[in-house]
1. Checking the condition modelled with pLDDT under 75, outside the structural domain of residue 209 (by TED's automatic domain parsing) and closer than 22 Å to residue 203 by Cβ, which residue from 100, 139 passes?
2. How many residues are under 21 Å from residue 58 (Cα atoms) and touching a residue at least 24 places away in the same chain (Cβ under 8 Å) if we restrict to the stretch 187-203?
3. Just wondering, is there one or more residues in the stretch 155-168 that are buried (at least 21 other Cβ atoms within 10 Å of the Cβ), outside the structural domain of residue 329 (by TED's automatic domain parsing) and at pLDDT 80 or above?
4. Show me the strands (runs of 3 or more DSSP E) entirely contained within the stretch 104-156 in which 3 or more residues are within 17 Å of residue 334 (Cα to Cα).
5. Out of all the residues in the stretch 253-281, which are surrounded by 15 or more Cβ atoms within 10 Å (Cβ to Cβ), assigned to a loop (DSSP other than H, G, I, E, B) and free of Cβ contacts under 8 Å to residues at least 60 places away in the same chain?
6. If we keep just the residues of the stretch 116-135 that are more than 27 Å from residue 360 (Cβ to Cβ) and loosely packed, with under 13 Cβ neighbours inside 10 Å, which is modelled with the lowest pLDDT?
7. Return a yes/no flag: does the stretch 211-229 have any residue that is more than 21 Å from residue 284 (Cα to Cα), in contact with a helix residue (DSSP H, G or I) (Cβ under 6 Å, 6 or more places away or on another chain), part of a strand (DSSP E or B) and modelled with pLDDT of 85 or more.
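The values are calculated or read from the model by the stated rules, or taken from the named source; none is laboratory data. None of the values given here were measured: they were computed from a predicted structure. Backbone-built Cβ (ideal geometry, glycine too); neighbour counts: all protein chains shown.
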């Protein structure tokens, strides 16, 4: 009899357990992303239901850490308090949808690692400007594919080119001090980098006290009170090329860090310089020139009808490293995985024999034939 009762209890528990597991699994982890309140005021509730107790209310522009998502509700942490909010009124981080990016390491390169840890083994090292495909994101790392290799790269060293820019800004601290770029919208969050007043900022998402921004390729958060907002966001890239056309032969056109006359000048160019047009915003073009991405005033750019042609091969060129490094790798084949034949100094004269594709050129250096990334050639 006792055995029968024990069996019935076991069966009842076995039936209840799957239901419990189902309930626990109903909320899927969102990877601890951040979102911002888009309603005028939004309630934080004790459970994912409109009938649940209201813990607190938060105004538009409040940043939240999104912990889990399911059935139209987010489990969030708002100013240290955990509860539930209607997903309808929380604007999530759109960066999670981006798949195309490029390397933008502070030292001019970035390591591809075996796992999502700075202590993990290095699979390969890639120079700034290398294109990568983002497969997933977790714990401060992107899982990426570079050519035939798959591994992990620190997310703050990856530049996401296809994200939408909401507006532009310039850092304007009251005391002239540097402004911290933080890993989360909180004064207690880790500092990624610090930037001086006048530095151009791309604003990705505006909040009340904090803005999500990109500064020189690094994405993080800055206090809203210390940045002065500017013009509208960049339109979708249309491709094509342009040519610098200054009013006078003695003048130069500035390439700026942001679409603002107050933004830092990255470089200056004389008339005739060709640039790749990536997009437009108000009176500015977003352009790529000599491996750098920045902004030039539209009125000084003549849009070309066709892409800029390369000189007829063979032609003379020089190695150039826009990342500031002193050398350029000369490879056996047109791939970042190709064996390095030699590392030549920037400024070295080469002969371009043929363009293998848009990214690689077949060149001759000291009577040896190999390949150099087109990114490192100037002519």
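1. Numbers: 139 fails: closer than 22 Å to residue 203 by Cβ.
When all the criteria are applied, what remains is 100.
2. We begin by selecting, within the stretch 187-203, every residue under 21 Å from residue 58 (Cα atoms); these are 187-189.
Now narrow it down to the ones that are touching a residue at least 24 places away in the same chain (Cβ under 8 Å): 187, 189.
Looking only at that region, the number is 2.
3. Scanning the stretch 155-168 turns up no residue that is buried (at least 21 other Cβ atoms within 10 Å of the Cβ), outside the structural domain of residue 329 (by TED's automatic domain parsing) and at pLDDT 80 or above.
4. Details: elements: 109-113, 122-127, 131-138, 141-146, 149-154.
Result: 122-127.
5. 257, 271, 273
6. Going through the stretch 116-135, the residues more than 27 Å from residue 360 (Cβ to Cβ) turn out to be 116-121.
From what is left, the residues that are loosely packed, with under 13 Cβ neighbours inside 10 Å are 118-119, 121.
Details: 118: 84, 119: 87, 121: 89.
Checked the stretch 116-135; the qualifying residue modelled with the lowest pLDDT is 118.
7. Residues of the stretch 211-229 that are more than 21 Å from residue 284 (Cα to Cα), as a first pass: 211-212, 218-226.
If we keep only those that are in contact with a helix residue (DSSP H, G or I) (Cβ under 6 Å, 6 or more places away or on another chain) too, we end up with 211, 218.
After this cut, where a residue has to be part of a strand (DSSP E or B) as well, the list is 211, 218.
Remaining after also requiring modelled with pLDDT of 85 or more: 211.
Checking the stretch 211-229: at least one residue is more than 21 Å from residue 284 (Cα to Cα), in contact with a helix residue (DSSP H, G or I) (Cβ under 6 Å, 6 or more places away or on another chain), part of a strand (DSSP E or B) and modelled with pLDDT of 85 or more.
Per-residue answers, yes or no, for (1) outside the structural domain of residue 204 (by TED's automatic domain parsing); (2) without any contact (Cβ under 8 Å) to a residue 60 or more places away in the chain; (3) more than 24 Å from the chain's Cα centre (by Cα):
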| residue | (1), (2), (3) |
| --- | --- |
| 35 | yes, yes, no |
| 42 | yes, yes, yes |
| 62 | yes, no, no |
| 68 | yes, yes, no |
| 82 | yes, yes, yes |
| 87 | yes, yes, yes |
